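Colleague: Sharing a structure, written as structure tokens. Questions coming.
Each reported figure results from applying straightforward, stated rules to the coordinates on display, with no laboratory input. Everything numeric here is computed off the predicted structure, so don't read it as measured data. Please note: Cβ atoms are built from the backbone with ideal geometry, for glycine as well, and neighbour counts cover all protein chains shown.
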Ligand code: C2G
């Protein structure tokens, strides 16, 4: 039986921390599905428009060797439907979300992976702005 892993994120200004979490997520199953946050959802979550549009972010994530399928994550509230509709056996999130998605452990295994230290989209934006 093939095992499907699902994960979610904005993946704006794609960096090696994003790559590592997706690589490690893919190792937990046979198929990796990624929900990429819509521009409108990001505005709601982080109060800013992403540097790269959702179309660009989807294209980047979809092109990765470890990713099998991408879709737009329109709403945080729809997470249970996304998990069930994609037949996910495992939900993976970075540990900045630790404990936040435990409610889905009735439909799939919930795993939090350690974030890659010292890199973030915000830090990259600030670094470039200071150059
Ligand atoms: N990440 C990581 N190491 C970093 C930075 C990010 O492992 N140094 C992981 C995050 O923990 C997350 C994924 O990369 O699992 C995507 O990060 P973001 O784009 O910041 O995702 P976020 O906006 O938190 O969206 O429904 C949940 C949200 O869509 C998650």
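Colleague: If packing is taken as the average number of other Cβ atoms within 10 Å across a peptide's residues, how do 115-125, 63-73 rank, most packed first?
Modeller: For the peptides 115-125, 63-73, the packing ranking is 63-73, 115-125.
Colleague: Related question: What is the diffusion coefficient of the chain in µm²/s, taking the Kirkwood radius over Cα pairs and the Stokes-Einstein relation at 4 °C with a viscosity of 1.567 mPa s?
Modeller: Answer from the Stokes-Einstein relation: 86 µm²/s.
Colleague: Against the empirical 2.2 N^0.38 Å scaling, what ratio does the C-alpha Rg of the stretch 56-129 come to?
Modeller: So the stretch 56-129 has a normalised radius of gyration of 1.29.
Colleague: Next question. Considering Cα pairs under 8 angstrom that are at least six residues apart, work out the relative contact order of the stretch 1-45 and quote it in whole percent.
Modeller: This gives 56 percent for the stretch 1-45.
Colleague: With only alpha-carbon pairs counted, each pair once and no self-pairs, how large is the Kirkwood hydrodynamic radius of the stretch 1-43 in angstroms?
Modeller: It is 11.2 Å.
Colleague: What's the center-to-center distance, using Cα atoms, between the stretch 22-70 and the stretch 101-131 in Å?
Modeller: About 12 Å separates the Cα centre of the stretch 22-70 from the one of the stretch 101-131.
Colleague: Given the DSSP H assignment, sum -39500 (n - 2.57) over each helix run of at least 4 residues in the chain and divide by its residue total; what's the result at 222 nm in deg cm²/dmol, nearest 500? Before the final figure, lay out each step's value.
Modeller: Details: 5 runs with 45 residues, N = 131.
Value at 222 nm, helices only: -9500 deg cm²/dmol.
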